Amino acid sequence: QVREWKKEGSKRYMCTGRPGWLTVSLRVGKYKKIHKNIMINLMDVLDVDSERQVVRVEPLVTMGQLTAYLNPMGWTIPVVPELDDLTVGGLIMGTGIESSSHIHGLFQHTCVAYELVLADGSLVRCSPTENSDLFYAVPWSCGTLGFLVAAEIKMIPAKKYVRLHYQPVRGLQKICEKFAEESKKKENSFVEGLLYSLEEAVIMTGVLTDEAEQSKVNRIGNYYKPWFFKHVEQYLKEDRTGTEYIPSRHYYHRHTRSIFWELQDIIPFGNNPVFRYLFGWMVPPKISLLKLTQGEAIRKLYEQHHVVQDMLVPMKSLEKSIQTFHDDLHVYPLWLCPFILPNNPGMVHPKGDEAELYVDIGAYGEPKRKQFEARASMRQMEKFVRSMHGFQMLYADCYMTREEFWDMFDGSLYHKLREEMNCKDAFPEVYDKICKAARH
């Protein structure tokens, strides 16, 4: 298809032909209508190499599909981003994170090679040792350097359960100290925080294990169970710590049934025990279905009165960041997920020369701040994140100017490669693809 596009005279930019409503991002990509759509229907797990401990997959393989495939063979991947429908391609070209990221980094840091079709129609493999510039430039590039057709991802042995410890913490300073302390411990397989107000949180630490006390096993993924964030909140309300054994796959997809806490805005009575028991098997609705059936008026309303943002900031500025989220947005719960950011080349790396501990603050829901105005409030947040040397996930609405965008991200390697590989006539720049300012 790419060679065909060249033969026709390379008249328009190319993009993948996957319709916008199918993606998990809430943004609707207008560019799909005007760019040349290249159909990439590659959705298979290609090879499981137990000796190298690497799984080779095509870009449309989803997290749900991959864990279902690997777990019975005794394997899993180090970072399993939460929602079942997230694809390998999206997690590499965008980014992905999970509560094991304080050890393994972002999803891209668990990949050992990519295969891409470039603008000239050639197929290239890149890894830290071959075509390494391309290997480091691909993550976060949103398909603007080439089309991903396969990826090799590290595997780790799977265990049956996650022993999960819940600890309520009160007081913002205490919450931040405890969260940073647990995130530095390598013996924790998983670390996650849910902030229910500025001063109240539950911090969860998990360890992978094959043994479980049967009386403490909680199959949280069963359709009739309370939504996970509501289950966690009970520990806060009752002010008690607790430990449970959760089947690993249930743990990996613990926020899937309620789309974190988004479903409470879509189905307000969704957590009612009667509803869960009778209709719980029907949720969550696919995000793609919600997007496909959503009218323009509702989309605009949603955009103005709803926030879905992940901001990645250094752990040392966590307290200041939470306070800023509180002042500018006032959305709760807030999701806290730690990750180690290695000093690799590419668009995203720490300020210094060392790997640094960062935290993803996820705000999903309706801002309760009185003067919330989507554009102005988000621009203020973006400015704050830039000042902290943090990053904004690119799946969400981004209101930065081009200069501000390239101030947040390091574009040196990206622009160099776009020049060298003649991408400028083949693919739009990442900013033009994702930023609101560029699309209106």
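The values are calculated or read from the model by the stated rules, or taken from the named source; none is laboratory data. All figures in this text were calculated on a predicted structure; none of them were measured in a lab. Cβ coordinates were reconstructed from backbone atoms using ideal geometry, including for glycine residues, and neighbour counts include every protein chain displayed. Ligands, DNA and RNA are excluded from the accessible area calculation, which covers all protein heavy atoms including side chains. Shrake-Rupley method; radii C 1.70, N 1.55, O 1.52, S 1.80 Å.
What residue, among those in the range 167-183 that are surrounded by fewer than 21 Cβ atoms within 10 Å (Cβ to Cβ), of a type outside the set (A, V, I, L, M) and touching a helix residue (DSSP H, G or I) at 6+ places or on another chain (Cβ under 8 Å), is farthest from Thr241 (Cα to Cα)?
Gln173
What number of residues within the range 1-34 are assigned to a loop (DSSP other than H, G, I, E, B), surrounded by 13 or more Cβ atoms within 10 Å (Cβ to Cβ) and at pLDDT 65 or above?
Number of matching residues: 8.
What about Glu182, is it in contact with a strand residue (DSSP E or B) (Cβ under 6 Å, 6 or more places away or on another chain), closer than 26 Å to Gln392 by Cα, touching a residue at least 12 places away in the same chain (Cβ under 8 Å) and assigned to a strand (DSSP E or B)?
No; evaluated as a whole, the condition is false for this residue.
Quick check, is Asn422 in contact with an Asp or Glu (Cβ under 8 Å, 6 or more places away or on another chain) and touching a residue at least 60 places away in the same chain (Cβ under 8 Å)?
Yes.
Looking for something open to solvent by 30 Å² or more (accessible area, probe 1.4 Å) and under 30 Å from Tyr196 (Cα atoms) - is there at least one such residue anywhere in the range 134-142?
Checking the range 134-142: not a single residue is open to solvent by 30 Å² or more (accessible area, probe 1.4 Å) and under 30 Å from Tyr196 (Cα atoms).
Identify the residue in the range 223-262 that is of a type in the set (A, V, I, L, M, F, W, C) and part of a helix (DSSP H, G or I) and, among all such residues, is nearest to Gln309 (Cα to Cα).
Taking the candidates together, the pick is Phe229.
Can you pull out the residues in the range 345-357 that are over 18 Å from Phe384 (Cα atoms) and surrounded by fewer than 19 Cβ atoms within 10 Å (Cβ to Cβ)?
Residues satisfying the conditions are Pro345, Gly352, Asp353, Glu354, Ala355, Glu356, Leu357.
Any residue at all in the range 153-164 that is hydrophobic (A, V, I, L, M, F, W, C), assigned to a strand (DSSP E or B), surrounded by 21 or more Cβ atoms within 10 Å (Cβ to Cβ) and within 19 Å of the chain's Cα centre (by Cα)?
So far as the range 153-164 goes, yes, one or more of its residues are hydrophobic (A, V, I, L, M, F, W, C), assigned to a strand (DSSP E or B), surrounded by 21 or more Cβ atoms within 10 Å (Cβ to Cβ) and within 19 Å of the chain's Cα centre (by Cα).
Tell me yes or no: at least one residue of the range 337-350 is out of contact with any Leu (no Cβ under 9 Å at 6 or more places or on another chain), closer than 26 Å to Val232 by Cβ and outside the structural domain of Val80 (by the TED database).
Scanning the range 337-350 turns up at least one residue that is out of contact with any Leu (no Cβ under 9 Å at 6 or more places or on another chain), closer than 26 Å to Val232 by Cβ and outside the structural domain of Val80 (by the TED database).
Checking the conditions here, which among Val274, Val202, Val283 is in contact with a strand residue (DSSP E or B) (Cβ under 6 Å, 6 or more places away or on another chain) and among the β-branched types (Val, Ile, Thr)?
Going through Val274, Val202, Val283 in turn, just one is in contact with a strand residue (DSSP E or B) (Cβ under 6 Å, 6 or more places away or on another chain) and among the β-branched types (Val, Ile, Thr): Val202.
Given the conditions (1) within 21 Å of the chain's Cα centre (by Cα); (2) open to solvent by 10 Å² or more (accessible area, probe 1.4 Å); (3) within 28 Å of Asp265 (Cα to Cα), and given that Arg369 satisfies all but one, which numbered condition is not satisfied?
(1)
As an exercise: evaluate Asn188 against (1) surrounded by fewer than 19 Cβ atoms within 10 Å (Cβ to Cβ); (2) in a loop (DSSP other than H, G, I, E, B) and give the number of the one condition it does not meet.
Condition (1) is where Asn188 drops out.
Taking the range 408-432, which residues are more than 21 Å from the chain's Cα centre (by Cα), aliphatic (A, V, I, L, M) and buried (at least 22 other Cβ atoms within 10 Å of the Cβ)?
Selection gives Ala426 alone.
Go through the range 242-262 residue by residue and tally those that are open to solvent by 10 Å² or more (accessible area, probe 1.4 Å), over 20 Å from Leu208 (Cβ atoms) and touching a residue at least 40 places away in the same chain (Cβ under 8 Å).
Count: 3.
Show the residue pairs that are 6+ apart or on different chains and have beta-carbon atoms under 7 Å apart, the first residue being within the range 61-75 and within 16 Å of Ala151 (Cα to Cα), the second being assigned to a helix (DSSP H, G or I) and modelled with pLDDT of 95 or more.
Val61/Val88
For the range 263-276, name all the residues that are crowded, with 18+ Cβ neighbours inside 10 Å and in a loop (DSSP other than H, G, I, E, B).
If the condition is that a residue be crowded, with 18+ Cβ neighbours inside 10 Å and in a loop (DSSP other than H, G, I, E, B), then Gly270, Asn271 are the ones that fit.
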